[in-house]
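The values are calculated or read from the model by the stated rules, or taken from the named source; none is laboratory data. Fair warning: this is a prediction, and the values are worked out from it, not measured in the lab. Counting neighbours? That spans all protein chains shown, and the Cβs are built from the backbone with ideal geometry, glycine included. Protein only, heavy atoms only, side chains kept; ligands, DNA and RNA dropped before computing areas. Shrake-Rupley method; radii C 1.70, N 1.55, O 1.52, S 1.80 Å.
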Amino acid sequence: MKNYAYLMVLVLSIFFGACQSDQHIPLEVSKLFSNHMVLQQLQDVNFWGTNAPGQEVHLSASWGTQASAVADENGKWKITVETPSAGGPYTIQIESEKQLTTIEDVLIGEVWVASGQSNMDLPLKGWPPQDTVCNSAQEIAHADFPEIRFFKVPFNIATTPQDSVDGKWERTSPETAGDFSVTAYFYAKKLYQELHVPIGIIQSSIGGTPAEAWTSKESLKKMGDFDENIDGLEELQSSITEWNNKWPVTQVPRSDDDWSNIQWSDMDATSSDFDDINWESMHLPGRFDRLQSGEFDGAIWLRTTFNIQDVETDYMLRIGSIDDMDETFVNGQKVGGIMENGNANTPREMMVPAKILKAGINTLAIRAIDTGGPGFINGPIILSSSNGEEISLEGEWKSKLVAENISGNFFKYGLEADISARPNVTKLNSNSPTVLFNAMIHPLISYSIKGVIWYQGESNVGRADQYKTLFPLMIDDWRQQWNQELPFYFVQIAPYLYQASNQKGQSPKLRNAQRYALKLPKTGMAVTLDIGKLSTAHPAYKKEVGDRLARFALANEYGQELTTSGPLFKNIEVSGNKLLVEFESKSIGSGLVAGETGLTGFEIAGADKKFVPANAKILGDKIQLSSHSVSTPVYVRYAWSDGAAATLFNKEGLPAGTFTSEE
């Protein structure tokens, strides 16, 4: 009997303890819903979060709307309310069982997602010294637009769709604008100036990323091109998670100051008597981010020795460059280095004073940090004395990975860790299929938006035929996810002299492939052939890009009478030894005009597809092409090189984009 009574007490205590535990599960609201947010006007908008299963959640908005929902068995809840026309500020209260979340300074207006790779990610302040933005400083100083607001989705990757995302809404001001996407900023500014309603931008972008990373698994499986990569991702993620759980972790530093403030004292390998005999060897100059266990982004010690006898004179250490940052030591004494982003190609020159040198063997130690992409030490690596003696430090070095950047987290391994079992985490990165969709798009899809602006394509250069299918597939994918035929306006990539062997000469094919997405309804392509800078893939004239994207929205979504595009290729007509090129009527605008340098960049070919430059002239709304080398022309193409420039415009000043009639 005593045992029965004890058992009942135990069961009841577990039951009531579980109930009490559920009661104390906090009410959580998605971070997309925070102070200063913008909601889409005149639409049913969703709010969601978590709570104790079975608990009611009540929402009240100060524009006069109330609604409730009950958390399901998994603790998830969603409430849908109707928004009024543009205005605010409003207050929203979400409460459950004495728990209250208040969201203040809520505006109602127009909400757009801005996504893509580096040209969408490039901030208004630029990435100097190479990637600058025209009139950046002046624009930031005058960026007083409290009704233009941004929510920046932090970089993250995931192998399965995620429901939550970090971040917060921020008002546009001189203090905040410099960090916002410059393309999205000018887009939002143009809409605001024309519509006079609040504008919300959800910025979800990251540099160096291909379209397949932004596409769901279900959609990519329809292609079949990425099945092998997709199928192994979850297993790889499991092994990476198991590995990561072994190490202390902090967030990856976001600024130069954050990098400089990292404590390295417990990972000091600078002294000449430090024992590196068991470290892995590598040859420098060259890539230092390739280890026996795979590639990495993070911090690595690199050590070598040199023999000198003349210690009465100072020496100069010269290194071609270090990608990305470094601190450099000789015999335990710091002699230089650059701990600031943007100096991957900056030559290193460091004075090595005689007083820290010794006759015989000396030690050079470099703590190099690769923040992303390939990590290089470029030559020459030379130590030279003021007397003219030169010592080459190229050859075999010792190396030890001591910290690694994995998916936005910085894991510290230290000097004693055995990393031989380390999984090759670079196989799971921002280029992997589905991972950006899972982490940076899927958490957004219940948020009500007007449409999408997109600037991407550079990372798919070299795979143009695939992109013809992939890009429209991605657009359809997002529309299915939002259950809405979202307007989707994108940018044709700018001219740039690609150097990689698999990309050189391939960018016109990608620019042409982007046109295929125009077959989908509610799409538009902003052309940048006239504003490219051949030395960088990130043209500085971003105001023009934002304004051109805005023309599509203003005309198609908001009813303004505008020509939205430059001349868009429609078809060709053969007339003897000449070709007539016809363009979509709406894209002709007030008429065709040649650029300041004349009408060049057109090529024609016969059935043999051997293209030659063509003589071109405007005949009304068409272009007539001919060449003495082609008696029976069949094909035409325009701006067909990496560094092509625009020469054909409409009178509204909008350029024609790269195209070919050859399918």
Please turn the phi angles of segment 310-321 into ³J(HN,Hα) values with the Karplus equation 6.51 cos²θ - 1.76 cosθ + 1.60 (θ = phi - 60°), one per residue in order, whole Hz, x for glycine and proline. 7, 10, 9, 10, 6, 10, 10, 9, 10, 10, x, 5
Rounded to the nearest 5, the percent of antiparallel DSSP beta bridges in the chain equals 80 percent
What does the C-alpha gyration tensor say about the overall shape of the chain? Classify as rounded when a/c is under 1.5, otherwise prolate if a/b is larger than b/c, or oblate. oblate
In segment 528-582, with Lys and Arg counted as +1 and Asp and Glu as -1 at Cβ, which of these residues, Gly576, Gly566, Tyr541, has the Cα nearest the positive end of the dipole, that is, farthest along it? Tyr541
Show which lysines lie in cross-link reach of Lys586 when reach means a straight Cα distance below 21 angstrom and same-chain residues fewer than eight apart are skipped. Lys519, Lys522, Lys570, Lys617, Lys622, Lys651
Are there trypsin sites (Lys or Arg not before Pro) in segment 313-399 that DSSP puts in a loop and that have at most 16 other Cβ atoms within 10 Å, and which ones? Lys358
5 angstrom amide H check on Asp530, placed H, neighbours 5+ away: Ala646
Stokes-Einstein diffusion coefficient for segment 42-89 at 4 °C in a medium of 1.567 mPa s, Rh from the Kirkwood formula over Cα pairs: what value in µm²/s? 113 µm²/s
Note on segment 488-576: alpha-carbon gyration tensor, axes a ≥ b ≥ c; rule is a/c under 1.5 for rounded, else prolate if a/b larger than b/c, else oblate; result oblate
Using each residue's phi in segment 107-118, evaluate 6.51 cos²θ - 1.76 cosθ + 1.60 at θ = phi - 60° and report the 3J(HN,Hα) Karplus result to the nearest Hz, with x for Gly and Pro. 10, 10, x, 10, 10, 10, 8, 10, 9, x, 9, 4
Could you tell me the relative contact order of the chain? Use alpha-carbon pairs under 8 Å, at least six residues apart, and round to a whole percent. 13 percent
Using modelled backbone amide H atoms (1.01 Å from N, in-plane), which distant-in-sequence or interchain residues come within less than 5 Å of Ile445's amide H? none
Amide H partners (placed H, <5 Å) of Leu39, local residues excluded: Leu107, Ile108, Gly109
Please compute the per residue accessible area over segment 79-146 with all protein chains in place, 1.4 Å probe, rounded to a whole number of Å². 43 Å²
At a Cα cut-off below 30 Å, give the lysines reachable from Lys358, other chains included and same-chain residues fewer than 8 away excluded. Lys334, Lys398, Lys400
Please give the contour-minus-distance gain from Glu561 to Ser448: 0.36 nm per residue of separation, less the Cα-Cα distance, rounded to one decimal in nm. 38.0 nm
With all protein chains present, the chain has a carbon and sulfur share of its accessible area (1.4 Å probe) in percent of 47 percent
Give me the accessible area per residue for segment 470-590, probe 1.4 Å, as a whole number in Å². 40 Å²
For segment 302-375, run through the GluC sites (Glu not before Pro) and keep only the ones in DSSP coil with at most 12 other Cβ atoms within 10 Å of their Cβ. Glu312
Quote the charge dipole size of segment 129-210 about the Cα centre in Debye, to the nearest 20; the model charges only the Cβ of Lys and Arg (+1) and of Asp and Glu (-1). 120 debye
Can you give the calculated 222 nm mean residue ellipticity of the chain, where each DSSP H run of n ≥ 4 adds -39,500 (n - 2.57) and the sum is split over every residue, rounded to the nearest 500 deg cm²/dmol? -5500 deg cm²/dmol
Using label points projected 7 Å from each Cα along Cα→Cβ, tell me how many nm separate Glu95 and Ser60, to one decimal. 0.6 nm
Accessible area of segment 321-365 divided out per residue, in Å², using a probe of 1.4 angstrom: 41 Å²
Once you order the gyration tensor axes a ≥ b ≥ c over the Cα atoms, which shape class does segment 172-309 get: rounded for a/c under 1.5, otherwise prolate or oblate by comparing a/b with b/c? oblate
How large is ³J(HN,Hα) for each residue in segment 406-418, as worked out from phi by the Karplus curve 6.51 cos²θ - 1.76 cosθ + 1.60 (θ = phi - 60°), to whole Hz, x for Gly and Pro? 10, 6, x, 10, 10, 9, 9, 8, x, 8, 9, 5, 8
Using only the C-alpha atoms of segment 401-558, find the volume of their convex hull and express it per residue in Å³. 163 Å³
